[in-house]
Amino acid sequence: TFSTGRGVAITGIQRQIDEALNARLNGAISESAAAQESLRILSGIESALNELTDLDLSSELGAFFTGFSELANGTQSETQVIEQGDLIADFMRRLRGDLVGQRDQTDDRLGALVEQADAIMAEIASLNEEIATSEGGGGENGALRDRRDELTRELSSLIDISVVEQASGAGNVLVGSAPVVLGSRSLG
């Protein structure tokens, strides 16, 4: 005999997340972002210093001191050495200006990243409150938790964080051992 079944009945949906793997992912994102930022800053400094060409500080200093040697040997005049001194002074002023520009650019970027991190932390705190409220009667709000996980990954690209899940469903966010999000409060 052949009988037909009643089909499939869904009794619930359960979110499965490996917290240890999630923590490692956040750490890797943080390390990668830090390396990219260091590369950006150091590339700018390298470009300003221009050490791999003949238009760099060491070449200018070499020419300046060579001028003194030639002055001592009598093959160059004092006027030429003074002119060489003016050239190196101009070069150093330009170099200082370039490096100050790099510093200002880095400071501006840092300020923007801090504002972005603060906004993300505030949104995580808000989601923590929504999660605790929606899960108060049992069950799990996967959509809110997924959004919070997205935000923690985004935040980990800005700063090195760890997340500690609380019994209420809220996720406390720590930078080192200092809390930056406690439940529904952003401390950033």
### Task
Determine if the stretch 40-54 includes at least one residue that is exposed (fewer than 13 other Cβ atoms within 10 Å of the Cβ), more than 25 Å from Asp107 (Cβ to Cβ) and of a type outside the set (D, E, K, R).
yes
### Query
Looking at Ser69, is it among the hydroxyl-bearing types (Ser, Thr, Tyr), open to solvent by less than 70 Å² (accessible area, probe 1.4 Å), in a helix (DSSP H, G or I) and more than 27 Å from Ala34 (Cα to Cα)?
yes
### Summary
Per the list (1) modelled with pLDDT of 95 or more; (2) within 19 Å of Thr133 (Cβ to Cβ), residue check on Ser186 breaks on (1)
### Message
Looking at the stretch 3-25, I want the residues that are under 30 Å from Thr152 (Cα atoms) and have a partner that is modelled with pLDDT of 75 or more and surrounded by 11 or more Cβ atoms within 10 Å (Cβ to Cβ) with Cβ atoms under 6 Å, at least 6 apart or on another chain. Which pairs are those?
### Response
Arg15/Glu140; Arg15/Gly142
### Task
Check whether at least one residue in the stretch 133-146 is open to solvent by less than 50 Å² (accessible area, probe 1.4 Å), at positive phi and of a type outside the set (A, V, I, L, M, F, W, C), and report yes or no.
yes
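Conditions tested, residue by residue: (1) under 30 Å from Asp160 (Cβ atoms); (2) among the basic types (Lys, Arg); (3) out of contact with any Phe, Trp or Tyr (no Cβ under 8 Å at 6 or more places or on another chain).
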residue	(1), (2), (3)
Ala28	yes, no, yes
Ser32	yes, no, yes
Arg40	yes, yes, yes
Ser43	yes, no, yes
Phe65	no, no, yes
Gly97	no, no, yes
Val114	yes, no, yes
#### Entry: Only one of Leu155, Leu187 that is surrounded by fewer than 17 Cβ atoms within 10 Å (Cβ to Cβ) and over 13 Å from Ser126 (Cβ atoms)
Leu187
### Message
So, Glu130, is that one open to solvent by 20 Å² or more (accessible area, probe 1.4 Å) and free of Cβ contacts under 8 Å to residues at least 60 places away in the same chain or not?
### Response
yes
### Task
From (1) loosely packed, with under 14 Cβ neighbours inside 10 Å; (2) closer than 22 Å to Gln105 by Cβ; (3) at pLDDT 85 or above; (4) not aromatic (Phe, Trp, Tyr), pick out the condition that doesn't hold for Ala28.
(2)
## Note on the structure
Those residues of the stretch 87-123 which are open to solvent by 90 Å² or more (accessible area, probe 1.4 Å) and closer than 14 Å to Phe65 by Cα amount to Leu87
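The values are calculated or read from the model by the stated rules, or taken from the named source; none is laboratory data. What you are looking at is a predicted structure, and each value in this text was computed from that prediction instead of being measured. Neighbour counts run over all protein chains shown; Cβ positions are idealised from the backbone, glycine included. Heads up: the accessible areas ignore ligands, DNA and RNA and are worked out on the full protein's heavy atoms, side chains in. Shrake-Rupley method; radii C 1.70, N 1.55, O 1.52, S 1.80 Å.
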